Amino acid sequence: QVQLVESGGGLVQAGGSLRLSCAASGRTFSNYGMGWFRRAPGKERDFVAAISWSGGRTYYEASVKDRFTIFRDNAENTVFLQMNSVKPEDTAVYYCAAANTPGVVITSSQYDYWGQGTQVTVSS
């Protein structure tokens, strides 16, 4: 089992920055590919970003590619999502997920563990 706890969400003005954290406990964190997803009000949960076990490979959804950065600290069992130049359309509950594979995973069904989510609200 892997337990994931997100933090860092909140209210931010458009154009601002926010850093989300996801602390993992349980099995060896460095064995897992990690990802961030989000669910906007009334919408499905969508992929945002993913990172391989080593941090050497990343992948982003097109609308966040030049604004968000995913990175991880395996020594601290934590994965981060740095959100810059945020927009009102980034408003959503953000979820951290862990996949029992070392690679980059972009499909939600391939993730094995999920956090409870953290709310991000971007005001215009």
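Assorted remarks:
- Total residues in the range 10-42, condition basic (K, R), modelled with pLDDT of 95 or more and outside any strand (DSSP E or B): 0
- The set of residues in the range 57-103 that are among the acidic types (D, E), crowded, with 16+ Cβ neighbours inside 10 Å and part of a loop (DSSP other than H, G, I, E, B) contains only E61.
- Taking every residue in the range 37-60 that is in contact (Cβ under 8 Å) with a residue 60 or more places away in the chain and pairing it with any residue that is open to solvent by 70 Å² or more (accessible area, probe 1.4 Å) and not in a strand (DSSP E or B), at least 6 positions away or on another chain, the pairs with Cβ-Cβ distances below 7 Å are F47/I106.
- The residue pairs whose first member lies in the range 1-12 and is more than 12 Å from Y95 (Cβ to Cβ), whose second member is of a type in the set (F, W, Y) and surrounded by 14 or more Cβ atoms within 10 Å (Cβ to Cβ), and whose beta carbons are closer than 6 Å, counting only pairs six or more residues apart or on different chains, are V2/Y113.
- Filtering the range 115-124 to residues that are over 13 Å from the mean Cα position of the chain (by Cα) and part of a strand (DSSP E or B) leaves T121, V122, S123.
- Selection from the range 104-114 of residues that are surrounded by fewer than 22 Cβ atoms within 10 Å (Cβ to Cβ) and either in a loop (DSSP other than H, G, I, E, B) or aliphatic (A, V, I, L, M) (or both): V104, I106, T107, D112
- Annotation: G10 fulfils all but one of (1) exposed (fewer than 13 other Cβ atoms within 10 Å of the Cβ); (2) under 18 Å from P102 (Cα atoms); the unmet one is (2).
- Scoring I51 on the criteria (1) more than 23 Å from G16 (Cα to Cα); (2) among the aliphatic types (A, V, I, L, M); (3) open to solvent by 70 Å² or more (accessible area, probe 1.4 Å) leaves a single failure, condition (3).
- Listed conditions (1) part of a strand (DSSP E or B); (2) more than 15 Å from the chain's Cα centre (by Cα) are all met by D46, apart from (2).
The values are calculated or read from the model by the stated rules, or taken from the named source; none is laboratory data. Since the structure is predicted, the reported quantities are computational estimates derived from the model, not experimental observations. Neighbour counts run over all protein chains shown; Cβ positions are idealised from the backbone, glycine included. What goes into the accessible areas is simple: the full protein's heavy atoms, side chains included, and nothing from ligands, DNA or RNA. Shrake-Rupley method; radii C 1.70, N 1.55, O 1.52, S 1.80 Å.
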